[in-house]
Amino acid sequence: MAKSARVAIDVGGTFTDVVTLDGGSGNVKFDKVPTTPSDPQQGVLNGFAASGVSLEAVSHFIHGTTLGLNALLTRRGAKTGIVTTEGFRDVYLLGRTDRIPMYDWKYRKPKSLVERQHILELPERLDYEGNVVKAFDENAARAVAKQFIELGVQSVAIVFLHSYVNPAHEQKMAAIMREVAPEIEVTVSSSLSRELREYERSSTAVLDAYIKPLVRKYIGKLQESLAAKKFSGLFLMTRSGGGAMTAESSKETPVNLILSGPAGGVLGAAWFSKATGCGDLITIDMGGTSLDASLVVDGEPLTYFDASFEGLPINLSSLYIHTIGAGGGSLVWIDEGNHLQVGPASAGADPGPAAYGNGGKEATFTDAALHVGYLGNENALAGTLVLNKELAEGSLKVNADKLGMDIDEVARGVIRISTIKIVGAVRAITVELGHTPADFALLSFGGGGGLVGVDVARELNIPTVIMPPGPGAFSAFGMLMASVQHDFSRTRITGLDTADLSIINADFAEMRSEAKAALDNEGFSAKEQHFTQYMDLRYSGQEHSVTLPVSEKIDDAEIVHMREVFSEAHEKAYGHTMPDPIELVSLRFSARGEVDAPVLPVLTKQAGRVPTPTGIRQVYVGGGKRAPYSLYDRDDLQFGDTIEGPAIINEHTATTVFHAGDRAELGKYGEIIIHVAKAN
């Protein structure tokens, strides 16, 4: 059977989003099915069933999952141990002395992923140049491996001092672990990160080891189930740093999946930016549990190397994404001061909002949106779920009675509070990074993105809101655009003007060789392989650096060029330059295996058409009043159609709301472009 279909499945906290692309016609189909928390694999298989495509006909399956992240959040990962250099047993437990919530006197450090009794030491030592100070003790290493068996450890992180320069001792320990204790999963820190900072590298290795057994089991089981249904295409997983990785690679380094949940939406935004020529985008992805905000600048998503989970650093490339607890399932509650609050706790997929009729009693954002009229019950969510207005009103009444307020005002307050929280998230990724929100367009997606996008934009003076095709499943859609990516790095601290260029070029050549071998092994031809080099530069004596692309060959002319572009980049990032010497910190290398991006058909523009409303809905607008909003079905709209607000556009995966004075038009890919009226 000819393989012509691509399927992307994004498993969220409440719904699993499915996007199917017909390679022949270019048609895209969007579906949603309920997430199955008790058996995540079943949700994926249900997604394939909803797509209606035979697995034999699927050439590419791209998958996004929060399985690893959820294991960390719930502390349900593996019983993990660490083997480290003698004398450095407590590096991981001590961490850094900084305190992120500086003024929160109630703050308590999260429980460690590793107990001290499971951290063992080994006689060995390298200096900062990778030279052997104390030889690797093989007999002691075998004893350590046996002790891990006795302790009942399921996974081990190997972290030796200065192994980022010379990984030989870590590799020896890994070989002994696999020989003596083959049932224990092993993570080698230098295989994940070849950069200095022992604590950050230890944390990254521990996070990987903690989720590795769970992720390996899940992906392996899913591979078996897909093979049983005759799937033989390319199986990819989205990764935290953008792009994708093969299923086999993800089983070896699952730490790359931890922050990958929102990555699909950002990848889709980058594609959309280039396809439409709208270079700068703010993205907000509002799902059932949380909201993710990110930036696309000049068509490229922002990445950084200081990601963390609950204060635990992840020393790997990650997309710059700010997440808050503001989703459709965010719970409504009353605080000790008798004030209305929304989130971050969520009703999740089970039982979900009260309006779902699955036993949920507490009010949520979804219940409020249904009560004010943003949502209706004309269209079933995920194809089968019809919202119940009476149940929503009953859940809101509990809070209204406590506050002595009208139910309408409570529901409107819930939406207002959520909007302001989202405005704060957008400010965190724009204003706090030196960007002006009004210089961007707002790309709003996720199941709830269309309910809040226009209100958020108006608060920030953003002139344009864009609802992409299939907004409720846009993260899954973005996965279709992902190519396979590998990132490599080397620490090389030296003055930029005094650097030994032969060593720098040798480091880049070594990383290129590793990258090429990885892509060759994954079946990518030379034409499909693309490489990019970067340097991390900073002023001497500073902590934070700026990552800048460099040419393939580093010579004197390139150093002069780097000095110039660094000054510009530093001023843009931090608002000033300095006369101090410039220092090279790290070399980075990114390899991409190009997966042919699907080409979506451009719609034919229809001139002079006037779209016809399908009905009217009364929406609460405050002051005890409701106003009529015209209802439209997105499937009835065509390229060039214009709609004046107030209006609501319904579709299978989401709802878009805009108000009086706003104007929407349909773009060439079916996107809804909303021109937002200025706030009064």
Paramagnetic reach from D439 in region 279-321 [backbone N under 17 Å; point 7 Å along Cα→Cβ] = 279-283, 294-303
E252 versus E390: modelled label distance in nm, points set 7 Å from Cα along the beta carbon direction = 5.9
13 Å reach of a label modelled at E665, 7 Å along Cα-to-Cβ, counting backbone N of region 618-646 = 639-644
request  = Neighbouring Cβ atoms within 10 Å as the yardstick, rank M535, M102 fewest first.
outcome  = M102, M535
task = Of the options M405, L340, A293, report the single residue whose Cα projects farthest towards the positive end of the charge dipole of the chain (beta-carbon charges: Lys, Arg +1; Asp, Glu -1).
result = M405
task = Using only Cα atoms, figure out Rg for region 233-357 and give it as a multiple of 2.2 N^0.38 Å.
result = 1.24
Over region 486-593, equivalent-ellipsoid semi-axes from the Cα gyration tensor in Å = 28, 14, 11
note = Here the gain from full extension of T464 to S4, 0.36 nm per residue of separation minus their alpha-carbon distance, amounts to 162.0 nm
task = Pairs of Cα atoms under 8 Å, at least six residues apart: use those to get the relative contact order of region 339-437, whole percent.
result = 26
remark   = Restricting to lysines and to Cα separations under 26 Å from K678, and discarding same-chain partners fewer than 8 apart, the set is K421, K625, K668
request  = Calculate, in nm to one decimal, what A573 and D298 gain on full extension: separation in residues at 0.36 nm each, minus their alpha carbon distance.
outcome  = 97.4 nm
inquiry  = Treating only the Cβ of Lys, Arg, Asp and Glu as charged (+1, +1, -1, -1), what charge dipole size does the chain show about its Cα centre? Round to the nearest 20 debye.
reply    = 1380
ask   = When the helices in the chain are scored as -39500 (n - 2.57) per DSSP H run of 4 or longer and the sum is shared across all residues, what 222 nm value do you end up with, to the nearest 500 deg cm²/dmol?
value = -10000 deg cm²/dmol
Candidate lysines for bridging to K516, where Cα separation is under 23 Å - those fewer than 8 sequence places away on the same chain excluded = K251, K527, K553
task = Would you please give the FRET efficiency between T97 and S25, computed as 1/(1 + (r/R0)^6) with r the Cβ-Cβ distance and R0 = 56 Å, to the nearest 0.05?
result = 0.40
ask   = Once label points are set 7 Å from the Cα along Cα→Cβ at both K230 and N139, what is their separation, rounded to one decimal in nm?
value = 6.1
Diffusion constant of region 314-393 at 37 °C, which comes from Stokes-Einstein with the Kirkwood Cα-pair radius and 0.692 mPa s, µm²/s = 238
message = Normalised by the empirical 2.2 N^0.38 Å for globular proteins, what value does the Cα Rg of region 24-84 take?
response = 1.58
inquiry  = So if each residue of separation counts as 0.36 nm, and I subtract the Cα-Cα distance between S54 and D520, what length gain in nm does that give?
reply    = 164.8 nm
Region 452-531 shape via C-alpha gyration tensor axes, a/c threshold 1.5 = oblate
ask   = Can you sort K212, K397, K79, K251 by how many other beta carbons sit within 10 Å, fewest first?
value = K397, K79, K251, K212
key: DSSP bridge orientation in the chain - percent antiparallel, rounded to nearest 5   = 70
query = Which lysines, on any chain, are close to K397 with Cα under 17 Å apart, when same-chain ones fewer than 8 places away are left out?
reply = K361, K389
key: Alpha-carbon gyration tensor eigenvalues x 5, square-rooted, for region 75-213, Å   = 25, 19, 12
ask   = Tell me, what is the Rg over Rh of region 621-680, with Rh the Kirkwood radius over Cα pairs?
value = 1.00
key: Nitroxide proxy distance, nm - points 7 Å out along Cα→Cβ at A168 and E552   = 3.2
ask   = Over the chain, what is the relative contact order in whole percent, taking alpha-carbon pairs under 8 Å and six or more residues apart?
value = 12
request  = Could you tell me what % of all Cα pairs in the chain have separations over 38 Å?
outcome  = 38
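None of the figures in this text is laboratory data; all of them are computed from the coordinates on show. Please read these numbers as outputs of a predicted model, since none were measured by experiment. Here the Cβ is made from the backbone with ideal geometry for all residues, glycine too, and neighbour counts use every protein chain on show.
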